[in-house]
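What follows draws every value from the coordinates through simple rules; no lab data is involved. Computed from a predicted model, the values in this text were never measured in an experiment. A quick note on method: Cβ atoms are made from the backbone with ideal geometry, for glycine too, and the neighbour counts reach across all protein chains shown.
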Amino acid sequence: MADHPANHSTTGATIELVNLSKRYPGSRQSSVDSVTMRINAGETVVLVGPSGCGKSTTLKMINRLIEPSSGAIRINGEDVTGIDPVKLRREVGYAIQSSGLFPHMTVAQNIALVPKMVGWSASRVRARVAEMLDLVGLDPGEFRDRYPRALSGGQQQRVGVARALAADPPVLLMDEPFGAVDPITREHLQDELLRLQRELRKTIVFVTHDFDEAIKLGDRIAILRERSHIAQFDTPEAILTSPADDFVSGFVGAGAALKRLDLTRVRDVEVTDYPTVNMGDPLQHVFNRLRASSTNEVLLLDRRGRPFKWLRRGDLMRAKGSLARAGTPVHDTVTGDASLRDALEAVLTENAGRVAVTGRHGQYTGVVDMETLLNSVHGLLEADRMDALEHQHALEEARTGQTRAEQEGAAAGGEGAT
Amino acid sequence: MPVSFWEYVGTYHEKLLFDAWQHAGAVFQCMVVATVTGVLIGVATYRREWAAGLATTTTSALLTVPSLAMIGLLIPVVGLGVAPTVIALTLYGLLPVVRNAVVGLRGVDPLLVDAAKGIGMSRPLRLLRVELPLAWPPILTGIRVSTQMLMGIAAIAAYASGPGLGNEIFRGIASLGSANALNQVLAGALGIVALALLFDAAYVLLGRLTIPRGIRG
């Protein structure tokens with residue numbers, strides 16, 4: 001993916017966190033304890049974890065809104081812990097919850113802030129404002145001179161992202177940027193961010209407490225437990241299919257239902273009976289079967305009773321008396337032992353919403369279709385959601401005491417942070 | 001034979017206008033000094049709880065000193081005339097400005113300050129472009145309140161031979177029973193009320209001009 005950089009824009013930089021720690025004065029424990037993490041250029045990494053786990057503190061250390069107590073941050077190999085924080089922040093985009101737009105400035109003035117600070121000419125700034133509004137899907141003519149309060153929450157958030165990207169920084173830090181908008185707008189903003197990221201290939205570090213958001217947006221996800229200890233840092237797929245420990249599976253929560261696809265077997269779900277015909281059957285019989293069935297195709301079995309071809313009405317018309325050359329060959333079958341994930345995979349690749357299930361020696365036993373899968377997954381989802389809720393409650397309770405202690409420590413240090 | 005109020009005003013309008021001009025000038029100039037000083041004190045103290053508390057307590061303590069006593073206390077130190085007037089007016093003008101500056105600056109959404117920091121605004125830039133503009137509406141209110149108050153207090157300045165409409169009032173009080181005594185007090189008092197209204201109208205206009213549409217109530 002990094003081999004498609006947009007022609008005129010700066011693509012991502014690597015970020016390395018090396019033994020990064022933050023300890024507020026007066027607090028016994030550090031809020032962030034020795035995080036080491038390497039984020040590749042052009043990658044979206046999501047830091048996700050329960051509230052108070054230090055994910056936001058970790059993020060804010062990258063642009064030094066919070067000064068690390070020890071450790072190093074390297075952006076593109078350069079240690080930024082020693083450079084002027086104001087200069088650093090102008091090269092690192094920053095978008096926050098509920099947009100953080102300045103209400104006394106127009107949309108254009110907000111977006112123009114960083115380019116002006118880094119000394120762009122007025123005409124270049126004006127062009128850039130229009131370009132950025134376009135990029136986030138807002139019409140420059142309509143929105144340029146509006147004040148933030150005349151925008152919807154979703155529009156404000158878009159402008160917030162436009163402002164963060166205005167000076168074309170290689171790195172974008174996003175601190176629960178979509179936390180304060182309604183779920184539908186959030187979906188749209190997430191899709192939009194994915195689209196943007198495909199075009200821009202920035203290095204994005206994204207903080208959220210919403211695991212589904214993490215799954216959707218992250219190339220890789222770092223699941224953090226208290227004090228920003230990394231419980232697992234891997235691709236969404238890997239986390240879903242093999243969570244490192246109970247903490248991760250607990251946090252994955254509702255998403256574990258996807259993982260359940262792996263643990264549930266085809267034989268555990270209801271297999272539909274499909275109309276079948278055999279190789280030797282006369283064409284008229286095949287027609288009758290088709291007419292009698294509620295489906296628009298029948299499954300042709302070979303002489304040993306194994307799924308051979310899918311026959312549709314149109315196929316029969318073109319068959320001209322012989323079944324040998326008619327229909328679509330069966331590409332893929334699953335056995336009763338296959339996981340639902342495999343079945344889903346097969347259903348998707350078969351491209352017609354169903355896959356044949358075979359028993360011993362490959363004999364046809366039935367068909368799994370999309371509807372069956374959806375229904376059974378739905379049931380699993382419900383069950384898992386209940387489990388996850390209970391699990392999260394337990395986790396949260398266990399953490400409340402500690403979080404409170406940390407917050408008191410933070411307040412004593414004169415800087416609020418989560 | 002007492003003349004009517006309007007005849008009095010007609011006869012002495014030049015002198016009255018001069019006093020009113022002097023009065024307005026004194027209040028205006030002292031307000032400028034009080035605003036600049038007050039905002040600076042606010043900026044210097046709002047980040048620290050104790051400093052902000054100290055600033056507001058000190059200025060409100062000053063305000064509890066009766067203005068006549070304050071001028072009386074200043075005369076032995078700075079003499080008669082303009083000096084004690086200006087000093088007293090500026091001191092009294094400080095409190096509402098300092099208090100509203102502190103409240104306004106502390107009231108700026110910390111999320112916005114965080115955002116300003118996060119996009120790389122230096123501290124002076126943050127103050128000038130974000131915090132002060134957002135705190136400006138309450139500060140302007142403070143300035144308005146201060147100005148109204150100073151209008152009245154400036155009248156007392158005549159006691160120390162200061163400028164302004166207070167001279168009319170004091171002259172009237174000193175010659176109570178004489179033909180024009182009441183007219184003099186009335187002219188002074190009404191003049192001050194008229195000035196106060198004019199100033200207030202000016203502040204409303206100033207607010208329209210200086211408070212961006214995005215944060216206007």
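Ordering B:Thr58, A:Tyr364, A:Val271 by the projection of their Cα atoms onto the charge dipole of the protein assembly as shown, which places +1 on the Cβ of Lys and Arg and -1 on the Cβ of Asp and Glu, puts B:Thr58 at the extreme positive end.
Look at the stretch A:83-93: the mean tally of other chain Cβ atoms within 10 Å of its residues' Cβ atoms is 3. Based on the Kirkwood approach, the hydrodynamic radius assigned to the range B:175-217 is 12.9 Å, with every pair of different Cα atoms included. At an R0 of 60 angstrom, the distance between the Cβ atoms of A:Asp139 and A:Ala292 translates into a FRET efficiency of 0.60. Peptides A:120-131, A:357-368, A:34-45 ranked from most to least packed by the mean count of surrounding Cβ atoms within 10 Å: A:34-45, A:357-368, A:120-131. With only Cα atoms counted, the range B:72-217 has Rg and Dmax values of 20.6, 71 Å. The label-point distance for B:Arg171 and A:Glu16, in a model that sets each label 7 Å from Cα toward Cβ, rounds to 8.6 nm. The local environment of A:Leu300, defined by Cβ-Cβ distances under 12 Å, has a net charge of +2 under the rule Lys, Arg +1 and Asp, Glu -1. Counting Lys and Arg as +1 and Asp and Glu as -1 over every other residue whose Cβ lies under 14 Å from the Cβ of A:His331, the net charge comes to -1.
From the alpha carbon centroid of the range A:150-167 to that of the range A:101-149 is 9 Å. At an R0 of 51 angstrom, the distance between the Cβ atoms of A:Thr335 and A:Arg38 translates into a FRET efficiency of 0.80. Helical content of the protein assembly as shown, expressed as a calculated mean residue ellipticity at 222 nm, amounts to -17500 deg cm²/dmol (DSSP H runs of 4 or more residues, -39,500 (n - 2.57) each, divided by residue number, nearest 500). When the C-alpha to C-alpha distance is required to be over 24 Å, the pairs from A:Lys60/A:Lys87; A:Lys55/B:Lys117; A:Lys55/A:Lys216; A:Lys22/A:Lys202 that qualify are A:Lys22/A:Lys202. Each part gets one Cα centre, and for the range A:15-84 versus the range A:220-246 those centres are 17 Å apart.
Find the centroid of the Cα atoms in the range B:1-24 and in the range B:151-217, then give the distance between the two in whole Å. One Cα centre to the other: 14 Å.
Relative protection proxy for A:198-205, A:138-145, B:188-195, from highest mean packing down: A:198-205, B:188-195, A:138-145 (other beta-carbon atoms within 10 angstrom).
Write down the Å³ per residue value for the convex hull defined by the alpha carbon atoms of the protein assembly as shown.
243
Any chance you could list P(r) for the range A:15-253, counting all Cα-Cα pairs in 10 angstrom bins from zero, rounded to whole %? Spelled out bin by bin, the range A:15-253 gives 8, 32, 35, 20, 5, 0 percent.
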